[in-house]
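See below for the structure under consideration.
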Amino acid sequence: MGCQLWSVDVRQCAREKHPMLVTMRVSPIRLSAALLSLTLLTPAFAGGAGGPRALMPDFSAVTPWPIDCHAAPTLTDGCRLRVPIPAGTMLPTTGQFKIVPGTNQLTVLYRAAAGTGRPILCCGLQIPLAPLPSTDVWAATVKVNNLNRAVISLQVLTEAYSPLTPTTVWRGPQAPAPVPRPGVLAGQIDRFSLTSDSVIGPRDIRVYTPPRWTNAERLPAVYMADGQAVEEFARTLEAAMARGTAPRVILVGISSAQSTGVTGSDPLKDHRALEYLEGLPGGAASFAAHEQFVLSMVLPHVEQTYHLSTRPQGRVVAGFSNGAAWAISMAARHPQVFRGVVAMSPGSGGAQNAPHPATRVFVEAGTLEPLFLNSARTYAANTRLAGNPTHLEVRVGGHDEAVWRDVFPSGVAFALNH
């Protein structure tokens, strides 16, 4: 018999290195009594007082969710399941966060403190949690096909998007190994601002240079949307450069515009989308102004300062989500400038024109983000039809920076034909 929580064969547990029972030296009777006491004394668990039993979350207590499996039969992945929470799933501590994998489904539970409000789940899965009746536990279960290969970052937030838990990256037993990331970068990140009358506010520019770089070394450059995230992407890129699986490059991060107000109620307040999505209603002037800011201010400044390659083959444009849509547009609109694209989970709101046939295209999306996956597949089909060298990467995951960081070095290597 394998080692289970109720197993009393301590030697078998030791062989299987069971973390709970391997150090126990008790008789079967005493062990059973200890487990019974643990169950009875647990202050909060799925099932409530009176012994473990399955509980159905109260979905009426949360905002209706459009991505429910029962409401959208065509959805086969990434939708919310209306299923009871398994009996005996214990959460003894307020603020505790628990991930329970099942057969092609993932359950997340959170024990909320009084006054927390209605917590929501971020980030690889974006879904409201529902309360379990007569408890202070909130939960959600999501259908995830091929869960054993999934990489999903998870965090609980308030409705105002303040974090209630740290971010946890859950990896299935057969998921791709995480790309090593140094705790401290050996390279350097310079940060400065550029101001233009045509875009809103001064924009932070972050430039990562690899270890031992000097001005005597002319390197290719990756120009990246949402430059606030450059340091996180530089960590995986630096590790890949050290292993020789990615070329030495300079990473130029261009910070996005700050939105104002509640963007869902007024799309014209989402300045990031207005600048990134070509063809967005009401956004033509913002897109054009940002485009000229990048071409006439950012590129000349960093190319002169860092002695960068000015050949189109030495320039890659990259981004994630709406930033990926911007990268796609910039490569198509300016083939004399960019000959490489790294588009991770590209937003569907922008144009998807194929770039110059010599442009190398790396595009990625996850199975748990159907709209973005469809956008990625459409773009990859367009570029292949146009004759572009194209790599489409589909991961078991969602709209997730953990996945983007993992695939980014491979994308840079492909775009630069390394």
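Figures for the structure shown
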read-out	value
For residue 94: the one exception among (1) in a loop (DSSP other than H, G, I, E, B); (2) under 13 Å from residue 57 (Cα atoms); (3) modelled with pLDDT of 90 or more	(2)
Residue list for the range 172-230, restricted to those being more than 17 Å from residue 307 (Cβ to Cβ), in a strand (DSSP E or B) and of a type in the set (Gly, Ala, Ser)	193, 225
Subset of the range 381-406 [of a type in the set (Lys, Arg) and in contact with a Gly (Cβ under 8 Å, 6 or more places away or on another chain)]	395
Among the candidates 111, 191, 171, 181, residue that is exposed (fewer than 14 other Cβ atoms within 10 Å of the Cβ) and more than 26 Å from residue 66 (Cβ to Cβ)	191
Positions within the range 210-227 being farther than 27 Å from residue 322 by Cβ and crowded, with 21+ Cβ neighbours inside 10 Å, in sequence order	210
Evaluation of residue 338 against (1) part of a loop (DSSP other than H, G, I, E, B); (2) surrounded by fewer than 24 Cβ atoms within 10 Å (Cβ to Cβ) (one fails), failing number	(2)
Number of the exception - residue 388 against (1) crowded, with 24+ Cβ neighbours inside 10 Å; (2) in a loop (DSSP other than H, G, I, E, B); (3) modelled with pLDDT of 95 or more	(1)
Matching residues, the range 72-91, being assigned to a loop (DSSP other than H, G, I, E, B), out of contact with any Gly (no Cβ under 7 Å at 6 or more places or on another chain) and at pLDDT 75 or above	76, 77, 79, 82, 83, 84, 86, 91
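The values are calculated or read from the model by the stated rules, or taken from the named source; none is laboratory data. Please read all numbers here as calculations on a predicted model, not as lab measurements. Positions of Cβ are generated from backbone atoms using ideal geometry, with glycine treated the same way; all protein chains shown enter the neighbour counts.
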